[in-house]
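Here the structure comes first, spelled out in structure tokens, and everything after it is commentary.
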Amino acid sequence: MVVDRSRIEEENQIRLAWHESDLAHALDVVGRSGVDGEVVVTEVARFSAAAPSWAVGTGGTRFGRFPGGGEPRNTYEKIDDIALLNSLTGANRTVSLHVPWDDPGLGAGAAALRRHAEELGIGFDAMNSNTFQDNPSTTGDGAVSYKFGSLANVDESVRRAAIEHNHYVIDLGVELGSRALTVWLGDGMNHPGQASFRSQFERVLTGLVDIYAHVPDDWAMFTEHKPYEPAFYSSVNNDWGTSLLLAQGTGDRVKCLVDLGHHLPNTNIEQVVSRLAMVGRLGGFHFNDSKYGDDDLTVGSITPFQLFLIIGELLEAGGGRMPVAAYMIDESHNLKDPLEDLIQATDALQVALAQALCVNRADLADAQQANDAARAAEVLHRGFRTDVRPLVAEARRRNGAALDALATYRAIGYRAAVTATRGADSMATGL
Ligand code: LRH
Ligand code: MN
């Protein structure tokens, strides 16, 4: 179903008068704290977060999966849905593919998929390899298995298969126009003594160096840490410290990817972001939210203040603008319509960015210099408590998108239309 932009414009027209008065008021309020609201709108309009190909369907848990109808059946339809998402948010201009869940094949297959995406104005963000599931295309007819790990496996033939899979994902990414590879490993231990921490680390490092040797000069490579799951005693790349050691040990263009859900409870993630940015090894993000584990819930739905603080650290690292990095969403949907969840996730990112931009950084630095914690908190909260929704809506409008993305999505009846064509229990491969 091709995006009918006139429908979006119609829905915007209904809301335009309210929007313009709300916008004038918001610009006035923000101006009073010494912040230029126009700069906020422009910077929010510049922001984009890649949509994960694996999250336009229903992920499910090990306890069950409840499909919502009309789910994409292949990568083409995943990109159709992401193009629709982007037409409403104006801030999901790229898709992040996961191989082999998305594998058009090299040559004609990749060229055709690239053409389809380009026609819809969607680019290809970081590619994700998969050495955490056995799959005929990666582990052949069972000759090798990732049961006991991939790059960390004691068996050289398994490590070789994992390295070659990553080489293939890079080759595919080059043909699709991607410029980065994300390596997340499920490798680790379930039982104390099952393996040597050091040997596992050294085998992974050796593997990453081999993969990096295949990465084109104009590409980046990301290491993604995670404390546990699917390994429940230790993960090889368990935290930002290990991820940094792996990145520094592998190569200059290897950086750390921060998945917000990959931190133990009460971890100060904004400080992790500050540290990685400080040493020039902050490569990207997988934005989501969680209450307990790696729950992959809607961005900003559980800890919006933490998200605001994380974006604040990015603005500090970027001199008041978002630094160049791979901003991506990584969620798994169970109850909501996946597209509605991604609309709300993107809106939460745009809102957190606008709030962080509404912090008068000069006033904050003054308060910090004066050890005036109360005034520093006032300056910070003034940004966080500013109603920035009109500024965010204006940023979407200037990108040709919807003032109210969720209401417009429902008004155009996309889910019903794709359910009619794809079926009530259609689904794609993968999570
Ligand atoms: C691991 C992870 C990783 C992806 C997967 C879909 O938990 O965050 O980024 O490969 O989810
Ligand atoms: Mn992730």
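The values are calculated or read from the model by the stated rules, or taken from the named source; none is laboratory data. No experiment lies behind these values; they were computed from the predicted model shown. Backbone-built Cβ (ideal geometry, glycine too); neighbour counts: all protein chains shown. Surface areas here come from the heavy atoms of the whole protein model, side chains and all, with no ligands, DNA or RNA. Shrake-Rupley method; radii C 1.70, N 1.55, O 1.52, S 1.80 Å.
Applying the selection to the range 20-68, what residues are of a type in the set (A, V, I, L, M, F, W, C) and at pLDDT below 95? Selection gives PHE63, PHE66. Of all the residues in the range 153-197, those that are within 16 Å of ligand 1 (Cβ to nearest atom) and in a loop (DSSP other than H, G, I, E, B) number 4.
Of the residues LEU276, LEU264, LEU257, the single one that is within 16 Å of LYS226 (Cβ to Cβ), more than 18 Å from the chain's Cα centre (by Cα) and not basic (Lys, Arg) is LEU264.
Between ALA51, ALA45, the distinction of being open to solvent by less than 50 Å² (accessible area, probe 1.4 Å), assigned to a helix (DSSP H, G or I) and either within 16 Å of ligand 1 (Cβ to nearest atom) or under 21 Å from LEU349 (Cβ atoms) (or both) belongs to ALA45 only. If you go through the range 221-235 one residue at a time, do you hit one that is among the small types (Gly, Ala, Ser) and within 14 Å of ligand 2 (Cβ to nearest atom)? So far as the range 221-235 goes, yes, one or more of its residues are among the small types (Gly, Ala, Ser) and within 14 Å of ligand 2 (Cβ to nearest atom).
Taking the stated definitions as given, is ASN190 more than 16 Å from ligand 2 (Cβ to nearest atom), under 17 Å from ALA152 (Cβ atoms) and open to solvent by 30 Å² or more (accessible area, probe 1.4 Å)? Answer is yes for this residue. Could you tell me whether any residue of the range 337-356 is over 28 Å from LYS226 (Cα atoms), modelled with pLDDT of 95 or more and open to solvent by less than 50 Å² (accessible area, probe 1.4 Å)? Checked against the condition, which is being over 28 Å from LYS226 (Cα atoms), modelled with pLDDT of 95 or more and open to solvent by less than 50 Å² (accessible area, probe 1.4 Å), the range 337-356 yields at least one hit. Kindly check whether there is at least one residue in the range 395-412 that is β-branched (Val, Ile, Thr), under 22 Å from VAL41 (Cα atoms) and outside any helix (DSSP H, G or I). Scanning the range 395-412 turns up no residue that is β-branched (Val, Ile, Thr), under 22 Å from VAL41 (Cα atoms) and outside any helix (DSSP H, G or I).
Selection of first residues in the range 217-235 that are within 18 Å of ASN166 (Cβ to Cβ) and of second residues that are of a type in the set (Val, Ile, Thr), restricted to Cβ pairs under 6 Å at least 6 apart or on distinct chains, gives the following pairs, ordered by first then second residue: MET221/VAL215; MET221/VAL254; PHE222/THR182; THR223/VAL183; GLU224/THR182. If you go through the range 413-431 and keep only what is of a type in the set (A, V, I, L, M, F, W, C), in a helix (DSSP H, G or I) and loosely packed, with under 15 Cβ neighbours inside 10 Å, you end up with ALA416, ALA417, ALA420. Taken over the range 258-299, the criterion of being under 20 Å from ASP125 (Cβ atoms), more than 16 Å from ligand 1 (Cβ to nearest atom) and small (Gly, Ala, Ser) is satisfied by ALA277 alone. From the residues in the range 116-139 that are assigned to a loop (DSSP other than H, G, I, E, B) and open to solvent by 40 Å² or more (accessible area, probe 1.4 Å), which one is nearest to ligand 2 (Cβ to nearest atom)? The extreme case among them is PHE132. Scanning the range 296-347 for residues that are touching a Pro at 6+ places or on another chain (Cβ under 7 Å) and without any contact (Cβ under 8 Å) to a residue 60 or more places away in the chain turns up LEU314, ALA317.
Per-residue answers, yes or no, for (1) more than 27 Å from the chain's Cα centre (by Cα); (2) modelled with pLDDT under 95; (3) closer than 20 Å to ASP102 by Cα:
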| position | (1), (2), (3) |
| --- | --- |
| TYR146 | no, no, yes |
| ALA152 | no, no, no |
| THR182 | no, no, yes |
| GLY186 | no, no, yes |
| PRO192 | yes, no, no |
